[in-house]
Amino acid sequence: MVLADLDLVVIKRVMDVNFWGMVYCTKYALPYLLENRGTVIGISSIAGFKGLPGRTGYSASKFALIGFLETLRIENMKKGLHVMIVGPWFINSNIRKNALGPDGNPQGESPLMEKKLSSPEFVARKIVRATIRKKRTLLLPWRSKLFVPLNRIFPRFFDRVVYNEMAKEPDSPFK
């Protein structure tokens, strides 16, 4: 979904779920989380650290989510609230089958080779372990741990890497 071909209602729907859903849940759970020195876990994405072409609304929602969670962490740093941002690479799930296309209808088949992606069980185990250890950020798998810091140093290079990777998808507008 490139912005030029995208119905803006689609971006609003994605923001409502990915960003506003987290904001509302956190807002109303916050008193209980503070009382119990609890944990807020935000599932962002690698797309929250680097914009993915063809994923305009999704990337924007995940960037917004990271900003929200970082602010929440700082606002509550002396109150015992643990805030962890999870930034996985693509996960083997049905999410892409239900992801919205440019017209707001489900995308259908995944353009990715799902079997080569991290399993939801793998990601869940890593999240539990990182929560117990009170980590601030969890990037997975290993390539995310390299990608995010290197992108800060070499952003133009990684713009090309991301563009070329997304161009490999069937029906990509970036060929």
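The values are calculated or read from the model by the stated rules, or taken from the named source; none is laboratory data. Owing to the predicted nature of the structure, the values given are computational and were not obtained by experimental measurement. Because the Cβ atoms are built from the backbone with ideal geometry, glycine has one as well, and the counts that use them run over all protein chains shown.
So which helices (runs of 4 or more DSSP H) are wholly in the stretch 8-79 and hold at least 2 residues that are over 27 Å from P155 (Cβ atoms), at pLDDT 95 or above and of a type in the set (A, V, I, L, M, F, W, C)?
Those helices (runs of 4 or more DSSP H) span 21-35.
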Criterion violated by M15 - all others in (1) without any contact (Cβ under 8 Å) to a residue 24 or more places away in the chain; (2) buried (at least 17 other Cβ atoms within 10 Å of the Cβ) satisfied: (1)
I need every pair where a residue in the stretch 164-175 that is under 15 Å from D5 (Cβ atoms) has its Cβ under 8 Å from the Cβ of a residue that is among the β-branched types (V, I, T) and surrounded by 11 or more Cβ atoms within 10 Å (Cβ to Cβ), sequence separation at least 6 or different chains. P173/V2
Please determine whether any residue of the stretch 159-166 is surrounded by 14 or more Cβ atoms within 10 Å (Cβ to Cβ) and either touching a His at 6+ places or on another chain (Cβ under 6 Å) or modelled with pLDDT of 95 or more (or both). yes
